[in-house]
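Structure record follows, encoded as structure tokens.
The values are calculated or read from the model by the stated rules, or taken from the named source; none is laboratory data. Everything numeric in this text was worked out from a predicted model, so none of it was measured. Reconstructed Cβ throughout: ideal geometry from the backbone, glycine too, with neighbour counts over all protein chains shown. These area figures cover heavy atoms from the full protein model, side chains too; ligands, DNA and RNA do not enter into them. Shrake-Rupley method; radii C 1.70, N 1.55, O 1.52, S 1.80 Å.
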Amino acid sequence: MGRSFANLHIKSSHFDKTIEALKALSEGSGGKSSNSNQAVSDDAQSEQTQETVMYISSNESWISVLHDYFVWGTVKKAGKALSRLIEEPVMTVGFINDEIFELSIFEKGDLQAERIFCHPLVRDEYGLQEQRLQDYLRVALDIREEAFDDFIRLTSPAQAVDKLSELVGMSLWSDFEWLPYEEELKDRSKKYEFA
């Protein structure tokens with residue numbers, strides 16, 4: 001088994017509004033801890049039964065969120081629910097076993113763009129298909145067309161994560177479970193607790 005991680009990013013410079021939306025998500029719209037064995041509900045009506053801990057960091061364009069509930073699959077559910085609560089695009093990333101890098105963009109509760117980076121044999125083995133075309137993805141990520149063309153052609157998941165990290169100006173190599181072991185990740189993230 002290889003490396004796996006999942007995280008969520010909001011394209012926003014409105015940090016306080018984003019924190020309020022994350023609080024609302026944790027209070028009644030999902031964002032459950034993996035320890036509670038409950039999934040984020042698609043209708044954003046589930047109830048929070050325990051304190052939610054998120055680690056949040058930001059740069060001039062993006063607000064990044066780590067949560068123990070985020071794994072490949074569940075991070076998309078959280079991104080969809082969060083995109084209903086804010087006006088900005090929400091990007092989710094899931095990386096599994098060094099074989100698959102799934103990039104999704106949500107807005108207003110709808111999946112707007114998705115790209116799965118993997119070897120063609122892995123794509124066939126898992127039956128992976130993107131849900132949307134790439135035009136929206138380039139605009140939402142605010143990437144020059146030439147750079148985007150080079151990025152979108154990648155099939156190596158690790159290379160795609162590295163390239164996208166470079167293009168958006170933040171490291172996507174991060175996961176809630178890595179916090180105790182990676183000082184740099186811990187230093188750039190602030191802990192938020194929502195009751």
Quiz item: Given the rule -39500 (n - 2.57) for each run of at least 4 DSSP H residues, summed and divided by the residues of the chain, what is its mean residue ellipticity at 222 nm, to the nearest 500 deg cm²/dmol?
Solution: -9500 deg cm²/dmol
Exercise. Can you tell me the relative contact order of the chain? Whole percent, Cα pairs under 8 Å, sequence separation 6 or more.
Key: 24
Self-check item: Inter-site label distance for SER156 and TYR136 at 7 Å from Cα along Cβ, in nm
Solution: 3.1
Quiz item: Pick from GLU125, GLU145, GLU107: which is most flexible by mean-square fluctuation in a GNM of the chain where alpha carbon atoms under 10 Å apart are linked?
Solution: GLU125
Quiz item: Hey, any idea what % of the chain's accessible area is carbon plus sulfur with a 1.4 Å probe?
Solution: 45
Practice problem: With a 1.4 Å probe and every protein chain left in place, work out the accessible area per residue of the chain in Å², rounded to a whole number. | Solution: 50
Practice problem: Hey, could you grab the Kirkwood Rh for the chain? Inverse mean 1/r over distinct alpha carbon pairs, Å, one decimal. | Solution: 16.7
Quiz item: With every protein chain kept in the model, how would you rank SER104, SER4, SER58 by accessible area, 1.4 Å probe, largest at the top?
Solution: SER58, SER4, SER104
Quiz item: Which of SER83, PRO120, GLY94 sits farthest toward the positive end of the charge dipole of the chain, with +1 on the Cβ of Lys and Arg and -1 on the Cβ of Asp and Glu?
Solution: SER83
